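Below: the structure, in structure tokens.
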Amino acid sequence: MTTSTTRSSAQLIAAEDTVLAHNYHPLPVVLARAEGAVVEDVEGRRYLDLLAGYSALNFGHRHPALIEAAHRQLDALTLTSRAFHNDRLAGFAEGLAELLGMDAVLPMNTGAEAVESGIKLARKWAYDVKGVPADHANIVVAENNFHGRTTTIVGFSSDPEARNGFGPFTPGFRVVPYNDLDALRDAVDEATAAVLIEPIQGEAGVLIPDDGYLAGVRELTRARNALFVADEIQSGLGRTGATLAVEHEGVRPDVVLLGKALGGGIVPVSAVVASRDVMDVLHPGEHGSTFGGNPLAAAVGGAVVELLATGEFQRRAAELGKELAAGLDRLVGRGVVRYRARGLWAGVDVDPELGTGREVTERLMAEGVLAKDTHGSTVRLAPPLTITREQLGEALDALGRVLG
Ligand SMILES: *Cc1c(COP(=O)(O)O)cnc(C)c1O
């Protein structure tokens, strides 16, 4: 047996293949160090990170303010459980609520847990406040959604890979086409607890709904007395050039689900953010999490909120997003069939003649750029919001070369 520091990338990949579950198919690169938008593999090769941990690394790798907050907290207190209070949690939750202009926070850990918590909150609200008969609440979701991997969540996925073989599933969900207000209007009824959607569908290929869709969802849910639950786990916290993607339509949901970037790329931190009256349907003992709201998570999450409160990252995403779109414009007809982009986030449909999305990401890797395909021939680009203009230019040049 050898230690990891003496093993090559190829040896580590082979060892992973032997011992790990085969539920992923990573690019053949083994990372060992990183800073900002640059990651380095075991052999010292450097790459630009154009995935940013699916937006878990919005502030780049090892942002100094976040690392400092984590270090400081490691030296003071790391875990209490919610059986006791800790001195980090209030500040984190106050800051997050203020950032979103809402008033109540339920801290969890992973994104899927925030979604599960949002589902439980909406159902409880339907029974306690709306007066839906016991066990009759429904939640309306969109086709091609991605909300996580728990059995309840994959049960309302329309992706056969995510869902097949994992039933039987939790009842109480209705799936309607995304970006279709008429379908939504038909599905929402007096037993609807909530409409749960992503303001931009990330895993589906960065699908941006038509202008007016999110405002329409808001209007409909208000008129039918159902909650609007926005899953901003990937779209939120600066990625699109705003704190939340719903802001592009000036919309305020009843419940916002956050995760990924909230943990600053250091620890898993997620949250359900809502108004006090909605959140107050949960009473002691009715929901919880051993790790949710732990002091280390709260210290890192609090530092993330402080970064976002400056507005600097949202501005960067908006400004550099224009360069990303301009760069992709130049590639349309030269390997790119079409793309969708908002802020520093793009789904790029490449000409299938040039290969699958996976093959394109393999070629990008050889050019020193790490990205991730989604379905078919779509490549998703989501660099850290801290990426420099030059680095973004390099990444776009590399994309041009592999498609040219
Ligand atoms: C990643 C993601 C989730 C699930 O988050 P995990 O931390 O992987 O459980 C849920 N919703 C959206 C929109 C996501 O992108």
Notebook entry, point to check: Do you know which residues across region 15-58 are more than 21 Å from Ala204 (Cβ to Cβ) and among the hydroxyl-bearing types (Ser, Thr, Tyr)?
Noted result: Thr18, Tyr47
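Residue by residue, here is whether (1) open to solvent by less than 70 Å² (accessible area, probe 1.4 Å); (2) in contact (Cβ under 8 Å) with a residue 40 or more places away in the chain; (3) not charged (D, E, K, R) holds:
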{"position": "His22", "(1), (2), (3)": "no, no, yes"}
{"position": "Leu27", "(1), (2), (3)": "yes, yes, yes"}
{"position": "Val30", "(1), (2), (3)": "yes, no, yes"}
{"position": "Ala34", "(1), (2), (3)": "yes, no, yes"}
{"position": "Glu43", "(1), (2), (3)": "no, no, no"}
{"position": "Asp49", "(1), (2), (3)": "yes, yes, no"}
Check: Given the conditions (1) surrounded by fewer than 24 Cβ atoms within 10 Å (Cβ to Cβ); (2) more than 16 Å from the ligand (Cβ to nearest atom), which single one is not true for Ala226?
Finding: (1)
Notebook entry, point to check: Within region 371-380, is even one residue farther than 30 Å from Gly91 by Cβ, open to solvent by less than 70 Å² (accessible area, probe 1.4 Å), part of a helix (DSSP H, G or I) and basic (Lys, Arg)?
Noted result: no
Margin query: I'm told Ala271 meets every condition in (1) aliphatic (A, V, I, L, M); (2) touching a Pro at 6+ places or on another chain (Cβ under 6 Å); (3) more than 16 Å from the ligand (Cβ to nearest atom) except one. Can you identify the failing condition by its number?
Written below: (3)
Next item on the list: Please list, ordered by first then second residue, the pairs with beta carbon atoms under 8 Å, 6 or more apart or interchain, first in region 198-214 and open to solvent by 40 Å² or more (accessible area, probe 1.4 Å) and more than 9 Å from the ligand (Cβ to nearest atom), second at pLDDT 95 or above and not charged (D, E, K, R).
Entry: Leu207/Asn144; Leu207/Tyr178; Leu207/Asn179; Leu207/Ile200; Leu207/Gln201; Leu207/Gly347; Ile208/Ile200; Asp210/Asn179
Item checked: Single residue of Phe166, Phe156 found to be within 16 Å of the ligand (Cβ to nearest atom), open to solvent by 50 Å² or more (accessible area, probe 1.4 Å) and either more than 18 Å from the chain's Cα centre (by Cα) or not polar (S, T, N, Q) (or both) -> Phe166
Notebook entry, point to check: Among the listed residues Val267, Val348, Val300, which satisfies the condition of being in contact (Cβ under 8 Å) with a residue 40 or more places away in the chain and part of a strand (DSSP E or B)?
Noted result: Val348
Margin query: Quick test for you: out of His71, His147, His63, pick the one residue that is open to solvent by 20 Å² or more (accessible area, probe 1.4 Å) and in contact (Cβ under 8 Å) with a residue 60 or more places away in the chain.
Written below: His63
Item checked: Single residue of region 102-112 satisfying the filter (buried (at least 23 other Cβ atoms within 10 Å of the Cβ) and within 12 Å of the ligand (Cβ to nearest atom)) that is farthest from Val281 (Cα to Cα) -> Gly111
Next item on the list: Would you check which residues across region 278-291 are in contact (Cβ under 8 Å) with a residue 12 or more places away in the chain and either open to solvent by 80 Å² or more (accessible area, probe 1.4 Å) or within 14 Å of the ligand (Cβ to nearest atom) (or both) and list them?
Entry: Ser289, Thr290, Phe291
Next item on the list: Starting from region 224-242, take each residue that is outside the structural domain of Gly343 (by TED's automatic domain parsing) and hydrophobic (A, V, I, L, M, F, W, C) and list its partners that are open to solvent by 10 Å² or more (accessible area, probe 1.4 Å) and near the ligand (Cβ under 9 Å from one of its atoms), counting only C-beta distances under 6 angstrom and pairs at least six apart or across chains.
Entry: Ile233/Gly111; Ile233/Lys260
Notebook entry, point to check: Do you know which residues across region 241-252 are within 19 Å of Leu96 (Cβ to Cβ), open to solvent by 20 Å² or more (accessible area, probe 1.4 Å) and in a loop (DSSP other than H, G, I, E, B)?
Noted result: Arg252
Item checked: Pick from region 113-146, criterion under 25 Å from Gly293 (Cβ atoms) and away from the ligand (no atom under 16 Å from the Cβ), ranking: nearest to the chain's Cα centre (by Cα) -> Arg123
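The values are calculated or read from the model by the stated rules, or taken from the named source; none is laboratory data. Model, not experiment: these values are computed from the prediction. Note: ideal-geometry Cβ built from the backbone for every residue, glycine included; neighbour counts use all protein chains shown. Note: areas computed on protein heavy atoms with side chains; ligands, DNA, RNA excluded. Shrake-Rupley method; radii C 1.70, N 1.55, O 1.52, S 1.80 Å.
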